[in-house]
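Below is one structure; the comments refer to it alone.
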Amino acid sequence: MKTAGIHHITAMVNDAQRNINFYAGVLGLRLVKKTINFDRPEVYHLYFGNESGDPGTVITFFPWQKQLKGRIGTGQVGTTSYAIPENSIDFWENRLEKSNVAFEKSTRFGERYLCFDDPDGLHLELVERKEGHKNNWTFHKISSEVAIKGFAGTVLYSSKPNRTAHVLENILGLDFLGQEDGYLRFKAEEDLGNTIDIKLTPSVRGLMGAGTVHHMAWRARNPEELQNWRESLIDSGYNPTEIKDRYYFKALYFHEEGGILFEIATDPPGFTVDEPLNKLGEELMLPSWLESKREELESVLPAVEVQLLEEDE
Ligand code: ZN
């Protein structure tokens with residue numbers, strides 16, 4: 001079995017509206033789902049992706065004001081990289097400048113990266129990639145010629161890089177591409193969310209909290225394949241959870257030996273399971289078992305919306 005690549009990435013932040021302003025307003029991603037944390041319904045769960053929220057494009061957040069700040073370090077996804085179309089890097093440099101987002105440039109495996117942090121301190125990057133279909137979601141000045149297509153990949157900060165490399169290669173089925181300047185690079189089959197780098201130079205120990213990635217999820221084609229992954233993980237000595245119904249996908253979770261929480265999630269049914277494509281993200285969606293508490297929840301959750309930012313007007 002081989003995973004096609006990244007399914008989604010989930011992170012923790014403090015403020016819901018600030019989160020929307022950045023990912024929808026500055027980066028131009030589509031808010032494809034506004035729901036709640038199924039395990040803690042008084043907290044939002046916000047999903048941002050391409051037009052249809054395809055696997056490999058979706059970043060999700062649990063915004064909670066009282067959450068203590070975390071620290072990015074080992075045992076975490078250190079950096080989330082987004083793929084932008086070829087010849088769009090100048091547009092993004094300008095856009096980040098206008099939006100007062102400080103950035104640096106760096107090169108890894110021969111690719112040029114624009115590196116910056118989101119308002120909660122999560123490390124992000126943009127890199128031009130030829131692969132990956134265009135994002136048809138256009139937000140104000142961001143046309144589909146320049147719009148973020150989805151994930152390029154991630155940089156993993158592992159406490160045991162060789163053990164993490166082992167999972168990527170021997171369990172998840174990624175190909176090892178090489179080592180350069182303190183990074184190992186692996187590649188999955190899909191056009192988006194396919195490039196995984198492991199940082200070899202040591203980092204501080206990561207602390208879970210606001211401004212850190214909680215987990216990253218890998219793609220499984222269907223529930224049968226997910227069940228097979230579960231058995232294969234157990235056979236290899238890992239300790240995966242039961243398969244959970246996350247409504248938009250089914251999923252299991254396991255810690256790899258470098259400390260990073262991995263999830264494997266099914267592509268189906270996806271985000272159109274409870275609202276049509278042209279309405280994604282507009283209403284607060286609740287699972288059926290919480291529908292009776294809608295009024296109560298709506299009174300606790302802060303009102304949030306996708307806004308055109310001042311500097312864009
Ligand atoms: Zn997840």
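The values are calculated or read from the model by the stated rules, or taken from the named source; none is laboratory data. Just so it is clear, the structure is predicted and the values come from calculations on it, not from any experiment. Cβ sites come from the backbone with ideal geometry, for glycine too, and all protein chains shown count toward neighbours. Side chains included, ligands, DNA and RNA excluded: accessible areas come from the protein's heavy atoms. Shrake-Rupley method; radii C 1.70, N 1.55, O 1.52, S 1.80 Å.
Computed over protein heavy atoms with a 1.4 angstrom probe, the accessible surface ordering of LYS250, LYS141, largest first, is LYS141, LYS250. Entry note: region 6-312 has Rg to Rh equal to 0.94, where both radii use alpha-carbon atoms and Rh is the Kirkwood radius. Measuring nothing but protein heavy atoms, the accessible surface of region 148-285 at 1.4 Å probe radius is 45 percent carbon and sulfur.
The Kirkwood radius of region 3-107, taken over pairs of alpha-carbon atoms, gives through the Stokes-Einstein law at 25 °C and 0.890 mPa s a diffusion coefficient of 160 µm² s⁻¹. Expressed as a whole percent, the accessible area of region 72-121 that falls on carbon and sulfur atoms is 41 (1.4 Å probe). For region 6-312, the solvent-accessible area of protein heavy atoms averages 43 Å² per residue (probe radius 1.4 Å; ligands and nucleic acids excluded). How are the C-alpha pair distances of region 187-313 spread across 10 Å bins, as whole percents from the shortest bin up? In whole percents, the pair-distance histogram is 9, 26, 34, 24, 7, 0.
Within the shell defined by Cβ-Cβ distances under 11 Å, the residues around ALA11 carry a net charge of -2, with Lys and Arg each +1 and Asp and Glu each -1. For the pair region 133-147 / region 290-308, the C-alpha centres are spaced 28 Å from each other. Normalised Debye scattering of region 213-255 at q = 0.15, 0.19, 0.26 Å⁻¹ gives log10 I(q)/I(0) of -0.34, -0.55, -1.01, counting only Cα atoms as equal scatterers and leaving out solvent.
For the chain, modelled as a GNM whose springs connect Cα atoms under 10 angstrom apart, the maximal fluctuation among HIS215, HIS133, HIS45 occurs at HIS133. Short-range pairs are left out: with C-alpha atoms under 8 Å and at least six residues apart, the relative contact order of region 6-312 is 25 percent.
The residues packed around GLY173, meaning those with a beta-carbon under 9 Å from its beta-carbon, carry a net charge of -2 if Lys and Arg are +1 and Asp and Glu are -1.
Could you state the number of Å between the C-alpha centres of region 246-281 and region 1-53? Comparing the Cα centres of region 1-53 and region 246-281, I get a distance of 11 Å.
Net charge of the neighbourhood of MET285, taken over other residues with C-beta under 9 Å away and scored Lys/Arg +1, Asp/Glu -1, is -1. Among 291-301, 60-70, 262-272, 221-231, the peptide with the highest mean count of other Cβ atoms within 10 Å heads the list, and the full ranking is 262-272, 60-70, 221-231, 291-301.
Among the GluC sites (Glu not before Pro) found in region 165-194, those both in a DSSP coil and sparsely packed, with 16 or fewer other Cβ atoms within 10 Å of their Cβ, are GLU189. Note on GLU275 and ASN162: with the Förster distance fixed at 35 Å, the Cβ-Cβ geometry gives a FRET efficiency of about 0.20.
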